[in-house]
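The values are calculated or read from the model by the stated rules, or taken from the named source; none is laboratory data. Just so you know, these numbers come straight off a predicted model, no measurement behind them. Glycine gets a Cβ as well: all are built from the backbone with ideal geometry, and neighbour counts include every protein chain shown. The protein model used for the area step is the full one, side chains on, heavy atoms only, and it has no ligands, DNA or RNA in it. Shrake-Rupley method; radii C 1.70, N 1.55, O 1.52, S 1.80 Å.
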Protein chains: 2
Amino acid sequence: MIRPIAIAAALLVAPASAQNPENPVAPSPGEIVEQAASSEWIAIPPEDLLVMTLAPDREGKERRAVIQLMPPPFSQPWVENIRTLAKAHWWDGLAIVRVQDNYVVQWGDPEGDDKAKARPLPSGLAATGEAGYVATSEDEDVLRYAKLQDAYSPFAIFRDGWPLGVDWQSSHSLTYSAWPVHCYGAVGVARGMSPDAGTGDGLYTVIGHAPRHLDRNIAVVGRLVEGIEHLSSLPRGTGPLGFYETAEERVPIESIRLASELPESDRPAFQYLSTEGETFARYADARANRRDPFFIVPAGGADICNIPVPVRRSPAPE
Amino acid sequence: MIRPIAIAAALLVAPASAQNPENPVAPSPGEIVEQAASSEWIAIPPEDLLVMTLAPDREGKERRAVIQLMPPPFSQPWVENIRTLAKAHWWDGLAIVRVQDNYVVQWGDPEGDDKAKARPLPSGLAATGEAGYVATSEDEDVLRYAKLQDAYSPFAIFRDGWPLGVDWQSSHSLTYSAWPVHCYGAVGVARGMSPDAGTGDGLYTVIGHAPRHLDRNIAVVGRLVEGIEHLSSLPRGTGPLGFYETAEERVPIESIRLASELPESDRPAFQYLSTEGETFARYADARANRRDPFFIVPAGGADICNIPVPVRRSPAPE
């Protein structure tokens with residue numbers, strides 16, 4: 001057992017002021033990220049950001065959440081559909097329809113199941129089948145990535161800022177398949193029974209322990225990068241699967257817009273920490289082996305969803 | 001890939017009526033649990049249940065949550081302290097002080113850090129150190145349990161209704177240590193910096209992805225068995241670590257009582273599904289290998305926190 005020096009402080013606080021030069025205190029994962037060089041932060045393109053504005057809360061406070069859409073090679077037909085829907089302002093005036101505790105928040109057209117009442121979809125949406133849930137590659141680069149032990153796939157890796165599950169296509173080839181995984185804040189495409197794979201007009205995000213059994217069974221199209229608390233703290237629905245039972249309970253969506261369609265003054269800008277850099281490697285190691293002062297026993301490992309990829313607002317240019 | 005028959009239905013619904021005798025549909029994990037014999041359900045003693053009543057919500061609706069306390073051999077000095085605190089009605093009028101998204105809800109004395117204002121603790125509370133976070137045993141039974149692959153410990157098992165991490169004391173002995181793990185809904189003892197291990201007057205529960213790095217670093221003393229939605233849907237605190245910044249934001253606790261201290265008419269009764277029975281084995285397998293109609297690719301595994309132990313209200317005697 002590693003015994004850190006004893007200091008009085010509030011739960012889980014590891015203040016920098018507690019550092020003792022004779023007994024240096026290991027930095028926390030957050031402190032490691034703060035030390036990253038600016039070159040390790042990668043800008044997210046505005047056409048990959050979706051800004052969701054809910055009706056204000058009871059105090060009249062704004063509720064805004066920002067989603068990063070999945071980059072290639074994953075789930076691109078659905079991502080393109082989502083851009084089409086956002087450009088058509090299709091979600092405006094629709095609603096959060098479902099909040100299931102320790103599972104998902106789902107939004108879309110409350111009348112979507114009733115063809116007579118459903119809002120017509122914009123033209124040009126692609127219909128994609130389950131084959132689109134994974135991407136295959138012969139790129140041997142994957143062999144060079146740090147492999148995490150994973151209960152749901154042969155191994156898991158971080159690549160280009162995203163957590164992925166990986167499997168080999170066969171035991172005697174270098175072709176592999178990879179897929180984005182359902183961590184907290186992942187955004188996926190609601191669908192009915194297979195082979196329906198949804199268009200992207202109904203979406204959900206994870207608000208509980210990672211439901212990784214959904215991996216490769218639904219298209220993962222993005223993740224919340226800001227404001228998930230406006231979704232995760234909503235009242236749970238009391239109907240089956242957490243659907244709201246009355247129209248009054250539903251939370252209205254004022255608008256969902258691509259950041260690239262917003263006026264520049266209102267356009268949020270975000271960066272993610274490169275998962276290929278030295279800082280991310282140190283951060284991931286520190287998440288798996290907490291050595292900051294609060295901790296006594298480092299675990300020696302972490303599951304991929306307990307190593308969230310750091311995302312931040314882009315700092316103002318100097 | 002396993003392709004189930006295609007049926008139109010809402011997201012994640014696998015209705016029993018969809019079963020087709022020529023192509024039988026595998027039961028969902030929930031359907032397997034419903035088929036358990038009554039002898040597989042084990043009653044939770046009323047002195048192991050803590051009933052937490054919050055102030056009513058804005059609509060005046062009751063908010064009640066029920067915690068099951070950890071049975072021996074784990075964390076018993078803290079559990080006994082918690083019983084002492086409940087019998088003294090110590091928490092009554094105190095509050096939820098912290099809600100951190102994807103992490104924890106914490107309750108206790110908002111003035112606990114200020115000795116002049118803090119509510120005095122009842123006498124007789126045990127002070128226990130970090131050695132109490134794990135239990136050791138030479139009982140070879142552990143070898144017979146189904147071992148789950150785990151990123152945080154050599155392996156994980158279910159035993160007597162609880163998810164545990166397990167490690168060997170050394171490579172050449174049969175002595176092992178085991179500890180309860182931080183899954184969604186786990187209840188732990190808030191503490192300051194080590195070696196403080198807390199008394200149990202400040203408690204928290206997990207409302208996000210399992211923060212398993214806290215295992216063996218904090219005493220796990222129980223789990224929510226009902227009503228966690230009253231905690232997980234609270235507004236997130238805007239101070240550091242999700243602490244509420246003003247007294248008005250805090251949610252008052254009306255009372256916390258042992259079920260055994262309540263009048264029998266007001267005493268809730270719960271049962272958990274034996275984790276040693278045939279039904280739990282089938283349920284855990286189905287959680288790891290979803291074969292019900294919605295699913296296309298069974299994962300082939302699940303992490304221990306994605307296999308929640310079924311708990312139910314005790315049915316009325318026949």
Tally the residues that are free of Cβ contacts under 8 Å to residues at least 60 places away in the same chain, in a loop (DSSP other than H, G, I, E, B) and not acidic (Asp, Glu), restricting the search to the stretch A:39-62. 4
Inspect the stretch A:219-227 for any residue being in contact with a Ser or Thr (Cβ under 7 Å, 6 or more places away or on another chain) and more than 13 Å from chain B (Cβ to nearest Cβ) and give the result as yes or no. yes
Does the stretch A:155-168 include one or more residues that are away from chain B (no Cβ under 12 Å), part of a loop (DSSP other than H, G, I, E, B) and either over 30 Å from B:Thr238 (Cα atoms) or in contact with a helix residue (DSSP H, G or I) (Cβ under 8 Å, 6 or more places away or on another chain) (or both)? yes
Output yes when any residue across the stretch A:105-125 is more than 22 Å from B:Asp303 (Cβ to Cβ), in contact with an Asp or Glu (Cβ under 6 Å, 6 or more places away or on another chain), open to solvent by less than 40 Å² (accessible area, probe 1.4 Å) and free of Cβ contacts under 8 Å to residues at least 12 places away in the same chain, and no when none is. yes
What residue, among those in the stretch A:181-218 that are outside any loop (DSSP other than H, G, I, E, B) and facing another protein chain (nearest Cβ under 7 Å), is farthest from the chain's Cα centre (by Cα)? A:His213
For the stretch B:270-314, name all the residues that are within 12 Å of chain A (Cβ to nearest Cβ), β-branched (Val, Ile, Thr) and under 18 Å from the mean Cα position of the chain (by Cα). B:Ile304, B:Ile307
Exactly one condition in (1) open to solvent by 20 Å² or more (accessible area, probe 1.4 Å); (2) part of a loop (DSSP other than H, G, I, E, B); (3) of a type outside the set (Ser, Thr, Tyr) is false for B:Trp90; which is it? (1)
Suppose we filter the stretch B:275-309 for residues that are open to solvent by less than 10 Å² (accessible area, probe 1.4 Å), under 21 Å from B:Asp141 (Cα atoms) and part of a loop (DSSP other than H, G, I, E, B); how many remain? 0
Confirm whether A:Ser233 is farther than 18 Å from A:Val99 by Cβ, among the polar types (S, T, N, Q) and either out of contact with any Cys (no Cβ under 6 Å at 6 or more places or on another chain) or away from chain B (no Cβ under 11 Å) (or both). no
Cβ-Cβ below 7 Å, separation at least six or inter-chain, first residue in the stretch A:65-84 and touching a residue at least 12 places away in the same chain (Cβ under 8 Å), second open to solvent by less than 10 Å² (accessible area, probe 1.4 Å) and part of a helix (DSSP H, G or I): which pairs? A:Ala65/A:Leu231; A:Leu69/A:Val79; A:Leu69/A:Ile82; A:Met70/A:Val79
